[in-house]
1. I'm trying to understand the selection: among the residues of region 60-86, which are under 15 Å from Pro128 (Cβ atoms) and not in a loop (DSSP other than H, G, I, E, B)?
2. Tell me the residue from Phe126, Phe91 that is exposed (fewer than 13 other Cβ atoms within 10 Å of the Cβ), in contact (Cβ under 8 Å) with a residue 60 or more places away in the chain and of a type in the set (A, V, I, L, M, F, W, C), please.
3. If you take the residues of region 92-101 that are under 15 Å from Gly65 (Cβ atoms) and at pLDDT 90 or above, which of them is nearest to the chain's Cα centre (by Cα)?
4. Look at Asp110 and say whether it is farther than 20 Å from Asp56 by Cα, in a helix (DSSP H, G or I) and in contact with a strand residue (DSSP E or B) (Cβ under 8 Å, 6 or more places away or on another chain).
5. Given the criterion exposed (fewer than 15 other Cβ atoms within 10 Å of the Cβ) and modelled with pLDDT of 90 or more, identify the matching residue among Arg104, Arg111.
6. Across region 1-39, which residue is modelled with the lowest pLDDT among those that are hydroxyl-bearing (Ser, Thr, Tyr) and surrounded by fewer than 10 Cβ atoms within 10 Å (Cβ to Cβ)?
Amino acid sequence: MTILNIKSHVLIAFCLVLVGHISYAQHGQVTINQDADLVKLLVLKKDMNLNDNDTDRYKIQIFSGNRHDDAQKAKSKLRSKLPELPVSLVFETPNYKVWVGNFRSRLEADRSLMKVQKEFQNAFVFKPKKEKD
């Protein structure tokens, strides 16, 4: 009876290999048709998002203190926990501040604040003051 089991196992394994080989031989081609203006729009949006000096946006502050090392630790901690959010270290005499994000709306900032507050309970949303010329 064990020989019968071995033969049936070998036959099943052979059938699986054969079916796997036949079903694996699938090839395809994808063609993407898009308007040329879409590429221009994406480049424009990317440039707008890179502009950190836009004072019409909201940010989240996670740290404020006079020690550079503590600010760096807070920045590193946030980068390890939430790598998708941009983090910046700002010096405003006499304090170092760690700011997160560059949000277009208060709603967007509040959504990210909920994630940030899991690690930094004292974090808050603010809108930076415009610099006077």
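The values are calculated or read from the model by the stated rules, or taken from the named source; none is laboratory data. In this text, all values refer to a predicted model and were calculated from it rather than measured experimentally. Cβ sites come from the backbone with ideal geometry, for glycine too, and all protein chains shown count toward neighbours.
1. Ile60, Gln61, Ile62, Ser64
2. The match here is Phe126.
3. This residue is Trp99.
4. No, not satisfied.
5. Sole residue among the options that is exposed (fewer than 15 other Cβ atoms within 10 Å of the Cβ) and modelled with pLDDT of 90 or more: Arg111.
6. Tyr24
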